[in-house]
């Protein structure tokens, strides 16, 4: 079996289909169903994510370093299990949907536990379990999307899914904001509502996502793979190594969303009740740009757009280091930061998954996606801890300036790595 881009490489033949007469651009039903699941689940997850920084720092009195450790757990534990989720979903008799259901279900069970945990170690354990569920489900879900999509329009398909996912991310903080405004025990009400919504997402996945995804070629794929195919085969592939290397380099200088929002809140001196609204700016930009930028990636090259997305993030860092609206009397710079932050996600999240799918054969699609995603998540885990320590020692502006310098260097090195794509190779 050969690489997808050896037949219809998006970087060289985007927008063309090898099968005449097939309509280009139609979004498969599997993608729409998974998008609905992600929308519902993100409402649940982002309700918690929106209030968690304030709950931990202002409510429990954590230092930036302590929050960095917990935030690293929240974003990094999934890196330890993504390979497991991807590999299990590829094995015969398991399937992508079964592993995805297990991951979504585990995360749903964790939401109510936040009601009864009030110490840092217990909260860390709950967050670790929640991220374990996310790690299990991410690669199988993306594998289902890639297997159901045309290679030439795979970027658009991922863009549609990410747009639906981001619609949930947009609604989640808004729901959390409204609950905090009207509920006496605001945080407990947020955690309870989040748990109920998460269960609904699992039910939609069970009922409406097919266990076998019809592939663009007309055959059905269940995500099965010969168990004799070793994972090291993927790691020997130049395309996978290069993508993983770039994901790691750039992830090491990608400051977590929570720290970015905390910086904005402190610079603008916003009321605590308004803090959950900050992710809405990012989510709005992501929602509006995910599909258009996915289509752009199909035309100009997914690797190229992935790098350009990090330049948008670098611009956001620059604005955060510079004096913001608190000094000038205008909130426009903060709005621009959120716009650039959303552009970064729209140009990188689904685009990286589509680029990885181009480089990985169908038989090991879940494993290949997990390899790249694991490298990126592990790097962001380390960045979160390092940034929290740097903030504690030097302050937010110096820490972010250092991250910006590192991101510029990482982007330059990644451009060199991805400048000349390796030739397609058969899987042996």
Residues in segment 368-382, backbone N under 19 Å from the label point at residue 232 (7 Å along the Cα-to-beta-carbon vector): list them, ranges by number please.
-> 368, 371-372
For segment 80-132, state the average projected area of the convex hull of the C-alpha atoms over all orientations, rounded to one decimal in nm².
-> 3.7 nm²
How many nm is it between the label spots at residue 206 and residue 109, if each spot is 7 Å from the Cα in line with the beta carbon?
-> 1.3 nm
Could you check the simple spin-label distance between residue 125 and residue 417, using points 7 Å along Cα→Cβ, in nm with one decimal?
-> 3.7 nm
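For a protection proxy built on the mean count of beta-carbon atoms within 10 angstrom, sort 307-317, 80-90, 392-402 highest first, please.
Numbers: 307-317: 21.3, 80-90: 25.0, 392-402: 16.4.
Sorting 307-317, 80-90, 392-402 by mean packing, highest first, produces 80-90, 307-317, 392-402.
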Report the calculated FRET efficiency for residue 394 and residue 183 (r = Cβ-Cβ distance, R0 = 45 Å), to the nearest 0.05.
-> 0.75
Can you give me the Cα centroid spacing of segment 352-392 and segment 242-312 in angstrom?
-> 15 Å
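How do 50-58, 281-289, 406-414, 155-163 rank on mean C-beta neighbours within 10 Å, highest first?
Working: 50-58: 20.6, 281-289: 22.7, 406-414: 17.2, 155-163: 28.2.
Going by the mean number of other Cβ atoms within 10 Å, highest first, we get 155-163, 281-289, 50-58, 406-414.
Taking Cα atoms of segment 96-177, Rg/Rh with Kirkwood Rh, to two decimals? Show your work: numbers first, answer last.
On the way: Rg = 15.6 Å, Rh = 14.5 Å.
Reported Rg/Rh, Kirkwood definition of Rh: 1.07.
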Report the far tail of the P(r) of segment 317-416, meaning the percent of Cα-Cα pairs longer than 20 Å.
-> 55 percent
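Ordered by packing density, taken as the mean number of other Cβ atoms within 10 Å over each peptide's residues, highest first, how do 353-363, 109-119, 331-341, 244-254 rank?
353-363, 244-254, 331-341, 109-119
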Starting from the Cα coordinates of segment 282-326, work out the convex hull volume and express it per residue in Å³.
-> 71 Å³
Regarding segment 43-186, what whole-number volume in Å³ per residue does the convex hull of its Cα atoms give?
-> 117 Å³
For the pair residue 274 and residue 84, what calculated FRET efficiency results from E = 1/(1 + (r/R0)^6), where r is the Cβ-Cβ distance and R0 = 41 Å, to the nearest 0.05?
-> 0.55
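When a footprinting reagent is the concern and you count Cβ atoms within 10 Å, what order do 42, 257 take, fewest first?
Working: 42 23, 257 19.
So the residues, fewest neighbours to most, are 257, 42.
Throughout, read-outs are computed from the coordinates displayed, never taken from laboratory work. Everything quoted here is computed from the prediction, not taken from an experiment. All Cβ positions, even for glycine, are placed from backbone atoms using ideal geometry, and neighbour counts span all protein chains on display.
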